[in-house]
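Read the figures in this text as sums done on the coordinates, not as results from a lab. Every value quoted in this text rests on a predicted model; they were computed, and no experiment measured them. Positions of Cβ are backbone-derived with ideal geometry, glycine not excepted, and every protein chain shown enters the neighbour counts.
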Amino acid sequence: MPWTVIGQDHALGVLKNAARDGGRLAHAYLFAGPAHTGKTLAALQFAQALNCTGEEPPCGRCRACEKIASGAHPDVEVVGVGGPCNEADHAHTAADSRGIRICQVRRMETVISRAPFEGRYRVQIIEPAERLNPEAEVALLKTLEEPPPNVVLILITEQEDKLLETVRSRARRLAFGGAPKEIIETALRTRWSAEPERAAELARLSGGRIGWAVIALHDETMMEQRHRALAEAEAMAAAALAERFAYAGKLGGSYTKERALVQQTLELWQEWWRDILLIAAGREERAVHRDRLDRLRALAAQCEVSAAVRALRAIADAREQLEENASPVLALEVMMLAVPRLRPNAVAARLSAS
Ligand SMILES: [Zn+2]
Ligand SMILES: [Zn+2]
């Protein structure tokens, strides 16, 4: 199985050349771009290409490629939140443990100071790099300045502006962006055997994120969750403050246990408000939720562009606050206060008139 990342031609071109010609290999890379665009897959396949013993790296079939794919290769590691360290006798504070800890970076330094155990390169994938604790990030700088030979570091991030400039400038940056809808649609049909209609729908909803489309194709609950979140965004746009606070309490209360789900819900709220904004601004053809167009139109008709912008900003702020471990309920209440209210009566009137 050669490279399977879709729609990231520039990044892949650079990686392929580097894997073929060690002279072009950087010791550190920064893969930057939105979620589900293929960053992690590209990192793993790059690690395979660097260590593959088959004919056309990454062959996907040799021992090295298989071990990397299953996470069992001793020279390829992912350093993520909550990973191991070598310092058994010390305690991690709750604050430390919310990010990638300095002791994990120290462990990584020990690991890469040794020659590769069974492959040609030691590859360390740091993801999500924006979750490096401040002292961990500073510690990493040293390694980025003087990396041992035969080591490749890959920092993966959705929020590169949160990384220190000194860290970013020491890594070769590769941008991952949304892939064109047509490419995603074709891939869903040919590679994942999706029905043409479903492929078209998911490609449209994916916002260019192939990974999202593939997950949605196989996971019905994801589409259900999606419909629920969009319905809630719509209901809350019209709701009075008491109702909104009750919702904030419920959603915020589930944050500790279901971080990702809450963030996804808010991401869908952003999508929903972006559609309102597009329609209010006369760019309806770019709206994503085409199955909801009538209702979106009715709401957008009584929403100023600036109000939709305010809503989007409020949701983005709340998501950021949640990432930074503010009180989840408080962050969501602040958001609810800032999101403009679209009056349900006017909506009903318009719906019945149309
Ligand atoms: Zn191979
Ligand atoms: Zn530790």
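Structure summary
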{"quantity": "Derived scalar couplings ³J(HN,Hα) [the range 6-16; Karplus, 6.51 cos²θ - 1.76 cosθ + 1.60; whole Hz; x for Gly, Pro]", "calculated": "10, x, 10, 4, 5, 4, 5, x, 4, 5, 4"}
{"quantity": "Cα-based convex hull volume of the range 9-175 per residue, rounded to whole Å³", "calculated": "114"}
{"quantity": "Over the chain: Rg over Rh, Cα atoms, Kirkwood Rh", "calculated": "1.02"}
{"quantity": "³J(HN,Hα), Karplus 6.51/-1.76/1.60, whole Hz, each residue of the range 32-41, x for Gly, Pro", "calculated": "10, x, x, 4, 6, 9, x, 5, 5, 4"}
{"quantity": "Sorted by Cβ density within 10 Å, fewest first, the residues Arg106, Arg343", "calculated": "Arg343, Arg106"}
{"quantity": "Packing-based order for 87-100, 33-46, 262-275, using average beta carbon neighbours within 10 Å, highest first", "calculated": "33-46, 262-275, 87-100"}
{"quantity": "Proxy reagent accessibility, fewest Cβ within 10 Å first, across Arg170, Arg283, Arg189, Arg209", "calculated": "Arg283, Arg189, Arg170, Arg209"}
{"quantity": "Shape of the range 220-353, Cα gyration tensor, a/c cut at 1.5", "calculated": "prolate"}
{"quantity": "Cut-off 12 Å between beta-carbons: net charge of the residues surrounding Ala233, Lys and Arg +1, Asp and Glu -1", "calculated": "+1"}
{"quantity": "Max mean-square fluctuation residue, GNM over the chain, Cα-Cα springs under 10 Å, options Val105, Val152, Val138", "calculated": "Val138"}
{"quantity": "Residue among Ala213, Ala49, Ala175 with the largest mean-square fluctuation in a Gaussian network model of the chain, springs linking Cα atoms under 10 Å", "calculated": "Ala175"}
{"quantity": "Amide H contacts of Phe31 (H built 1.01 Å from N, under 5 Å, at least 5 apart or other chain)", "calculated": "Leu155, Ile156, Thr157, Leu174"}
{"quantity": "Most mobile listed residue (Asn133, Asn17, Asn150) in the chain, GNM with C-alpha springs under 10 Å", "calculated": "Asn17"}
